[in-house]
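Worksheet for the structure shown next.
The values are calculated or read from the model by the stated rules, or taken from the named source; none is laboratory data. Everything numeric here is computed off the predicted structure, so don't read it as measured data. Please note: Cβ atoms are built from the backbone with ideal geometry, for glycine as well, and neighbour counts cover all protein chains shown.
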């Protein structure tokens with residue numbers, strides 16, 4: 001018999017704030033976390049725009065042996081995860097005595113790879129690369145480090161699905177628990193925020209160049225959008241079977257009702273309409289819901305000309321006649337990439353808990369496709385019981401999650 005899957009803890013470290021309280025306020029105020037990175041200008045980037053996030057210092061919080069293996073995004077993930085763990089009424093001693101797993105979304109760890117190569121070229125030997133480099137540079141850096149720090153004994157691997165990684169991590173965790181393979185899994189997504197990780201994206205002219213107005217550069221669904229703004233951080237949810245949560249008296253925040261997924265099967269970087277439509281429909285079918293049952297849709301919309309237009313068409317195709325409220329929080333955060341699918345579940349959950357819809361900031365003029373959607377321009381009071389979150393990525397990977405507030 002399939003099990004119900006609930007969320008018992010959330011945590012976040014974002015350009016909108018270092019914890020749930022700060023992020024909730026930023027969402028409500030429609031506050032942008034975008035700014036200029038002078039290093040990118042010096043390095044010859046086309047775009048100097050990025051999400052602005054404070055690099056955490058974990059000295060005095062974690063012992064050196066545990067710190068040395070954490071890449072930048074691993075530090076964000078540690079802080080987000082500890083907030084989620086604490087909110088779920090858990091601690092390391094609980095994990096030592098019970099089986100819990102981790103499935104985390106991450107699809108790059110550029111800095112340690114590049115730094116190791118630079119040392120090797122300059123010194124002509126490997127000894128100076130350092131013992132922590134290998135654990136920072138592997139794509140599974142977040143899941144491997146957190147599993148050791150938290151003393152986890154269950155499933156343990158990384159989901160790499162481009163900009164849908166964090167969403168797929170939650171979706172796969174949902175499937176594991178639903179099928180009875182685990183009672184609890186730490187799920188989320190993390191993204192490094194540095195110039196070295198973004199050079200190849202800048203090379204294909206994926207980014208906005210609206211340097212004179214950084215906070216207005218990310219313009220999801222707006223007619224005058226000119227590209228995305230890279231960003232990052234980390235977001236974690238604790239997924240748990242309903243039975244497990246009740247047994248330990250855990251705070252039940254929400255229930256995951258559906259996970260839809262698909263592949264476009266066409267261009268490696270240009271999205272289409274059909275793939276997202278199939279992902280959205282599959283999530284509804286799995287949840288046993290109709291389009292009119294969705295109270296809010298957090299769109300993937302990254303502020304790219306083709307991507308936003310195709311997603312708008314997909315949403316209209318499925319939700320035509322429902323007038324579902326839609327917004328993309330990426331107007332405020334920029335594109336959090338591997339993290340975004342997880343963070344946007346938390347952003348939507350914070351809206352549901354506090355009865356508002358955060359604005360799709362910088363949406364001033366619709367195009368022919370976004371004009372057909374009910375896009376929320378300003379913070380709006382609303383009762384959200386059930387929401388949908390879309391996440392799409394390079395390679396045509398699509399993920400859609402449906403979550404119900406408890």
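Key figures
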quantity	calculated
Within region 355-379, considering residues that are surrounded by 15 or more Cβ atoms within 10 Å (Cβ to Cβ) and in a helix (DSSP H, G or I), the one farthest from the chain's Cα centre (by Cα)	372
Strands (runs of 3 or more DSSP E) contained in region 210-323 and holding at least 2 residues at pLDDT 95 or above and within 30 Å of residue 194 (Cβ to Cβ)	233-241, 254-263
Matching helices (runs of 4 or more DSSP H) fully within region 1-116 where at least 2 residues are under 24 Å from residue 401 (Cβ atoms)	20-29, 72-87
Selected residue [out of contact with any helix residue (DSSP H, G or I) (no Cβ under 6 Å at 6 or more places or on another chain) and free of Cβ contacts under 8 Å to residues at least 60 places away in the same chain] from 51, 60, 30	60
Residues satisfying the stated conditions in region 224-263, i.e. surrounded by 21 or more Cβ atoms within 10 Å (Cβ to Cβ) and under 30 Å from residue 35 (Cα atoms)	225, 227, 228, 229, 230, 231, 232, 233, 234, 235, 236, 237
Cβ-Cβ under 7 Å pairs, at least 6 apart or on other chains, region 315-342 side outside the structural domain of residue 35 (by TED's automatic domain parsing), far side outside any loop (DSSP other than H, G, I, E, B) and at pLDDT below 95	none
Selected residue (criterion: surrounded by the most Cβ atoms within 10 Å (Cβ to Cβ)) from residues of region 154-183 that are more than 20 Å from the chain's Cα centre (by Cα) and within 15 Å of residue 243 (Cα to Cα)	177
In region 380-391, residue farthest from residue 358 (Cα to Cα) [restricted to those that are out of contact with any helix residue (DSSP H, G or I) (no Cβ under 6 Å at 6 or more places or on another chain) and either free of Cβ contacts under 8 Å to residues at least 60 places away in the same chain or crowded, with 24+ Cβ neighbours inside 10 Å (or both)]	390
